[in-house]
Amino acid sequence: MKKFKDGFLWGGACAANQCEGAWDKDGKGLSIIDVLSIEEHNRDHVTLELREGVNYPSHKGNQFYERYKEDIALLAEMGVTCFRLSISWSRIFPNGDDEQPNELGLQFYENVFKECRKYGIEPLVTLSHCEMPLNLTKKYKGWANRKCIDFFVRYAVTCFERYKDLVKYWITFNEINFIFNTGYLYQNGGVNLEDGDNKKELIYQVAHNQLLANARCVIESQRIIPGSYCNASLSATICYPRTCDPLDYYESIVDMNEYQYGFLDVMCDGEYNYQWLNTIEKEQLHIETEPEDFVILRKGIGNYIPFSYYFSGISRDRSNSSRGDRTKNNDNPYLTKNDWGFIIDPDGLRNTCEVFYSRYRKPLFIVENGMAKQEELIDGTVHDDYRIEYLRNHIRSLHEAVDDGCDVMGYTTWAPIDLISQGGGIMSKRYGFIYVDLNDDGSGTGKRYKKDSFYWYKKVIETNGEEL
Ligand code: BG6
């Protein structure tokens, strides 16, 4: 079998709002996630105000802001060569539309990236991972407003210039296509849905504005950091036909064209696909664009494809008129599910690589893949053989894709250190190689403990994926 290439990047991934805590420290502004109470996760409409006595999980995270040196040392001990993390936009521009950045915020990430570099760890940095300054949501309706494009590009350029000697790998938006799912027009798009809003129109408008911002960032990153990599990441959910009925195959094509290629065609080829444009025309969606946009989209083409992979999907039930939430209704008789209903499909990772690579011929980077479980610490550790099995099967499948000739740059698991769940706001949905002693209500010491998978992954990295 072909080997993973030399310099293949092995590591783990996390996001600022799920791990940092310190939500109001050192000049940080409120972000949309800081007002999202534990109950409001996955809702299309939220309160947008801080209320007394309410649990806001992002306020504490897993304490990364205070413990980043300890955490990076643990990752270095595991041998990772890459650490994916995100910058909180509201630490750098507290209101989003400020003229000047907040120096304390910039300094914090400089310290973090230098700490990574100290151990030879390559930072892979996301600029917006399910958050934006709350002010932009309140004042402009988030990404529904084109003004956010300029604000975001200013923020990105500030980061590129400041970190150009420290960071070579960039992701503009995390899972740019996830806005199709319940609650993510808010979490990804900063749009708080109001009565009378046309949800579909808003989704397509946010997508266009973010794709345009992505293209402008790609152009800026190449100008400021030659040789760097930049693109948005995709939630890869390959859609199998529900049955081998040709009509189900058709439905799977439609789904891929909307949820996967609808974004990737723009990010990698600079053009919207026919189906995307046809939907806008046929459904009379009013999308604000300017002629120049399409020139920028053609110019700002990303040079790699970062994507998350957790599960595959199946085509919609044809007796039902709407496709609905991609994270639900994807039962597959050939596959099992985890405790949260995520389909477990290791072969789907290989299938995804084949489909993306044959269509775009750009290097792939798996920036999230992982297995959640409720866990208890016993004698200072967790025997997480289920996680080892899950990751082993996925890495094996990735290796097969490499053997088939796909160009794969790296693999970062979600998440090396337990953190707050994005979907549920809970701590007890654990993904880590490292257990964190914190509970859903924020109680606990925050102490870190190595699980069995810590030692297993160390070996995987040492052998460049040969020993699984
Ligand atoms: C990805 C997100 O979609 O899924 C992460 O990028 C998230 O932020 C991960 O944590 C797992 O989802 P959840 O809901 O289990 O945290």
Largest-first principal axis extents of the Cα set of the stretch 1-121 (Å): 54, 34, 25
I need the Kirkwood Rh of the chain: take the reciprocal of the average 1/r across all distinct C-alpha pairs and report it in angstrom. 22.2 Å
Which of the GluC sites (Glu not before Pro) found in the stretch 274-367 are in a DSSP loop and have at most 12 neighbouring Cβ atoms, other than their own, within 10 Å? 283, 288
Net charge around residue 343, counting only other residues with Cβ within less than 14 Å of its Cβ (Lys, Arg = +1; Asp, Glu = -1)? -1
Long pairs among 328/458; 328/373; 118/373; 114/459; 429/459; 3/458, criterion Cα-Cα beyond 29 Å: 328/458; 118/373
Largest first, what is the accessible-area ranking of 168, 373 with a 1.4 Å probe? 168, 373
Within the chain: Cβ-based charge dipole about Cα centre, in debye rounded to nearest 20 (Lys, Arg +1; Asp, Glu -1): 840 debye
For residue 430, what charge total do you get from the other residues with a beta carbon under 14 Å from its beta carbon, if Lys and Arg give +1 and Asp and Glu give -1? -2
Candidate residues 143, 340: accessible-area rank, largest first, probe 1.4 Å: 340, 143
The correct ranking of 87, 287 by accessible area at 1.4 Å, largest first, is 287, 87
Out of all DSSP beta bridges with both ends in the chain, state the antiparallel percent to the nearest 5. 20 percent
Where Lys and Arg each count +1 and Asp and Glu each count -1, what net charge lies around residue 122 among other residues with Cβ under 12 Å from its Cβ? +3
Euclidean distance between Cα centres, the stretch 143-196 to the stretch 227-242, Å: 16 Å
So what is the 222 nm mean residue ellipticity for the chain from helices alone, if each DSSP H run of at least 4 adds -39500 (n - 2.57) and you divide by all residues, rounding to the nearest 500 deg cm²/dmol? -11000 deg cm²/dmol
For the stretch 371-458, what value does the Rg/Rh ratio take when both radii are computed over Cα atoms and Rh is the Kirkwood radius, given to two decimals? 1.04
Between the alpha carbon centres of the stretch 405-468 and the stretch 52-119 the gap in Å comes to 17 Å
With DSSP loop assignment and no more than 12 other C-beta atoms within 10 Å, the GluC sites (Glu not before Pro) in the stretch 1-50 are 49
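The values are calculated or read from the model by the stated rules, or taken from the named source; none is laboratory data. Note that the coordinates shown come from a computational prediction; the quantities given were computed from them, not determined experimentally. As a convention, Cβ positions derive from the backbone with ideal geometry for all residues, glycine included, and neighbour counts pool all protein chains shown. For accessibility, only protein heavy atoms count, side chains too; no ligands or nucleic acids. Shrake-Rupley method; radii C 1.70, N 1.55, O 1.52, S 1.80 Å.
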